[in-house]
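The values are calculated or read from the model by the stated rules, or taken from the named source; none is laboratory data. This structure is a prediction, so every number in the text was calculated from the model and none was measured. Here the Cβ positions follow ideal geometry from the backbone for every residue, glycine too, while neighbour counts run over all protein chains shown. These area figures cover heavy atoms from the full protein model, side chains too; ligands, DNA and RNA do not enter into them. Shrake-Rupley method; radii C 1.70, N 1.55, O 1.52, S 1.80 Å.
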Amino acid sequence: MSQSPESPKSLNTNPNPNSDQDYLNLEPPPSLKSKWKPKALSLPDIWVKEQALKHVIYNMQQQFSRTPSISPPSEPDLTSFQSFPLDPIEPDYSSLLSEVVLLGIFSKLPVSQHVSNSLVCKRWLYLTGRLVQSLKVKDWSFISSGRVFNRFPNLTDLDIVGSCIQMPKDSGVLVTHKTVSVYVDTSFTFAGFLGKTALLPLNVIDTGLAMVAEKYPNLRRLVVIGASEEGLRQIAARCYTLQELELHCCGDLALKGISGIKNLQVMKLIGSVNGFYDSTVSDIGLTLLAQGCKRLVKLELCGCEGSYDGVKAIGQCCQMLEELSFYDHRMDGGWLAGLSYCSNLKTVKLKSCKSTDTSPGADEHLGTCLTLEELHLQQCHIRDKQSVKALFLVCENVRAIDFRNCWGLDDDVFSLASICRCQTENVIGLTESIIIPMSDYALNTSSFASNSNLRFSSSSDRRVKLLSVEGCSLVTIKGLESVLLSWKELQQLRVMSCNNIKDTEVTPELATLFSMLKELKWRPDSRSLLLSNLVGTGMGKKGGRFFQRSKD
């Protein structure tokens, strides 16, 4: 018996009639429905879903754009777009002002705002550069390319020491000594950080100095290192207004070039600096300096060699010299006697000197600086009594003495300061019997006084009126009293950080002297001063305030 094709049994050939419904129905069975929860989409799933949707939309747009349009092209409808409001461009009112007016405005602003003002526009950059008068150049290409002359056309103070040093900038270790900063690397030698290859060649430095002299004829201060005679001649030939010069690592022969600087008044000559560089400045260089710069008012010699002849040449040629400083000098014995030829000298400074004078000679040959008013000793070794005595004999006319952080200054050495007082009450009486012919009336007063040891000043003018002692821990109240009581005209006294001077040891004589002073600054014991300031605070008692347990 055959079956018709339309029979329902012929249509259902699947042995499992419920398999299609189970396949399409994703719900779990009733037994697991209470425990089953839909899985949350992760971030990658969301990203893939969004990217797939965007891909479909992108394909539809591409397909729609490729379908040819029967209608003619129409103009785009821009009404649906919203225009964003833009700020109108305001007019630059500063362009209406002249350069003179802008320079007047910029000059009234603080210097700290010059950098921000120069970033506004090129015009302001140029104008602010015209106001700059002092500059330290660190990159030599800034000079060799000429950019410094265009950027700062009115400089009067220029320091090019940092640009002349070719040390690597990536070493990470920077060593600074006063005005010199050097990056240290493995090329360090015992001769110093700055060897022969650390500085630019002489011809390169001379070419740069020639450009500086041409572009800055009104230069008043110049700081340079490693310059030769030719480069300094270029400065002397064109910079007529140069008044202050600082030379580093300069030898004797290079000082010939500064003979043409007629208006030079302040000179700082650095011959040798321990650990940095080493150059020789001897009596030859000091003589060339004295003969070429006769209008010097202030002279500082750092690490220079020399002797009596060099100091004498300075005193005889530089008759306007008022201040003479020696920093870590390497002078030969007997140089102190040359100070008596400085006829107008008012201030002498010794800084970081290992010795004063190794062989000063006999006292009667030292002479005296008649016009000297101030003597400063800072961080000096003054253990040698003979050299200290010679120094006070030469400077016995001083009115102010300053000791600061001096090593070896004990009571015996400090008592020699009492030499700086008038030992003759009537100077006129000593000279009444001396007859000077009229033909010799124009005799040099300084040389006459140095040879005959005569004093031409009154007793009241030659008394010490100011004494300052700071950081001298070996001086006691006994040594201080022996000197102070010999100075009857003392008006100002400053005693700071001298730990061996105690307040409890002040005698009635000293207390009487203190009451007559115009100025008294008395802080000898820095430890007692600190403890007195901490009274009532609980500090200074081994943690008594912060580390004691609270009593509950």
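Scanning for something in a helix (DSSP H, G or I), open to solvent by 60 Å² or more (accessible area, probe 1.4 Å) and within 19 Å of Trp335 (Cβ to Cβ), does segment 406-415 turn up at least one residue?
No, segment 406-415 contains no residue that is in a helix (DSSP H, G or I), open to solvent by 60 Å² or more (accessible area, probe 1.4 Å) and within 19 Å of Trp335 (Cβ to Cβ).
Within segment 131-149, take every residue that is in contact with a Ser or Thr (Cβ under 8 Å, 6 or more places away or on another chain) and small (Gly, Ala, Ser) and give me the one that is surrounded by the fewest Cβ atoms within 10 Å (Cβ to Cβ).
Ser134
Among (1) at pLDDT 85 or above; (2) part of a loop (DSSP other than H, G, I, E, B); (3) within 22 Å of Thr280 (Cβ to Cβ); (4) open to solvent by 50 Å² or more (accessible area, probe 1.4 Å), where does Lys196 come up short?
Failed condition: (1).
Residues in segment 244-256: is at least one touching a Ser or Thr at 6+ places or on another chain (Cβ under 8 Å), open to solvent by 10 Å² or more (accessible area, probe 1.4 Å), touching a residue at least 40 places away in the same chain (Cβ under 8 Å) and closer than 20 Å to Asp206 by Cβ?
For segment 244-256, residues touching a Ser or Thr at 6+ places or on another chain (Cβ under 8 Å), open to solvent by 10 Å² or more (accessible area, probe 1.4 Å), touching a residue at least 40 places away in the same chain (Cβ under 8 Å) and closer than 20 Å to Asp206 by Cβ: present.
Please go through segment 204-232 and give me each residue that is in a helix (DSSP H, G or I), surrounded by 21 or more Cβ atoms within 10 Å (Cβ to Cβ) and among the aliphatic types (A, V, I, L, M), ordered by number.
Residues satisfying the conditions are Ile205, Leu209, Val212, Ala213, Leu232.
I'm told Gly310 meets every condition in (1) among the small types (Gly, Ala, Ser); (2) open to solvent by 40 Å² or more (accessible area, probe 1.4 Å); (3) farther than 19 Å from Val398 by Cα except one. Can you identify the failing condition by its number?
(2)
Regarding Asp139, is this residue of a type in the set (Asp, Glu), over 16 Å from Tyr216 (Cβ atoms) and out of contact with any Leu (no Cβ under 6 Å at 6 or more places or on another chain)?
yes
Within segment 258-269, can you find the residues that are modelled with pLDDT under 90 and open to solvent by less than 20 Å² (accessible area, probe 1.4 Å)?
Ile258, Ile261
Within the group Thr358, Thr371, which residue is more than 26 Å from Gln491 (Cβ to Cβ) and of a type in the set (Val, Ile, Thr)?
From the options Thr358, Thr371, the qualifying one is Thr358.
Just to be sure I understand, how many residues within segment 119-130 are within 25 Å of the chain's Cα centre (by Cα) and open to solvent by less than 50 Å² (accessible area, probe 1.4 Å)?
Looking only at that region, the number is 2.
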